[in-house]
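The values are calculated or read from the model by the stated rules, or taken from the named source; none is laboratory data. This is a predicted model, so every value here is computed, not measured. With ideal geometry, Cβ positions are generated from the backbone for all residues, glycine too; neighbour counts draw on all protein chains shown.
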């Protein structure tokens, strides 16, 4: 994980799985919910709606009970199966970030680069490091899921 500018954070990781499986894990709601939430945080993903296509949208609702929930939502700006997913993070209003995930297959493994670009330095500072820290755990969970999928 690297802060490449005052508005951008980049995470690079190689997964021991072909790009088609990595893309499935990012685009299939049933698979996505198995790895996206860091288990150590004790969060509950109450619903996971994803229409992963250019112009589609997503909505992830978290919370222990229906009365106390919070949501992450946005729009998919670009989707190229097995290669690229770009989406907005709109829960922050006008100060939302844009996330780009690229997948490049090399010898059966996938180099994944995730870029999070914020509109301002202040927006990045406000986002803090919590989600960035959780990425290590969620990517480890994704590793485990990909091993399961690859095994058939």
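Which of the residues belonging to region 129-142 are at pLDDT below 75 and either closer than 14 Å to residue 10 by Cα or touching a strand residue (DSSP E or B) at 6+ places or on another chain (Cβ under 6 Å) (or both)?
129, 131, 132, 133
Kindly provide the set of residues from region 100-127 that are in contact with a strand residue (DSSP E or B) (Cβ under 6 Å, 6 or more places away or on another chain) and under 9 Å from residue 7 (Cα atoms), ordered by number. Please lay out each step first, then the result.
Applying the first criterion (in contact with a strand residue (DSSP E or B) (Cβ under 6 Å, 6 or more places away or on another chain)) to region 100-127 yields 100-104, 109-117.
Result: 116, 117.
Given the residues 32, 23, which is the only one that is in contact with a strand residue (DSSP E or B) (Cβ under 9 Å, 6 or more places away or on another chain), more than 26 Å from residue 120 (Cα to Cα), without any contact (Cβ under 8 Å) to a residue 40 or more places away in the chain and crowded, with 16+ Cβ neighbours inside 10 Å?
32
Return the total of residues in region 37-48 being under 14 Å from the mean Cα position of the chain (by Cα) and in contact (Cβ under 8 Å) with a residue 60 or more places away in the chain.
2
Where residues in region 4-41 are part of a strand (DSSP E or B) and touching a helix residue (DSSP H, G or I) at 6+ places or on another chain (Cβ under 8 Å), which of them is farthest from residue 137 (Cα to Cα)? Spell out how you get there, then give the answer.
First, the residues of region 4-41 that are part of a strand (DSSP E or B): 8-15.
Those left that are additionally touching a helix residue (DSSP H, G or I) at 6+ places or on another chain (Cβ under 8 Å): 8-9, 11, 13, 15.
Values: 8: 20, 9: 17, 11: 13, 13: 12, 15: 14 Å.
Here the residue is 8.
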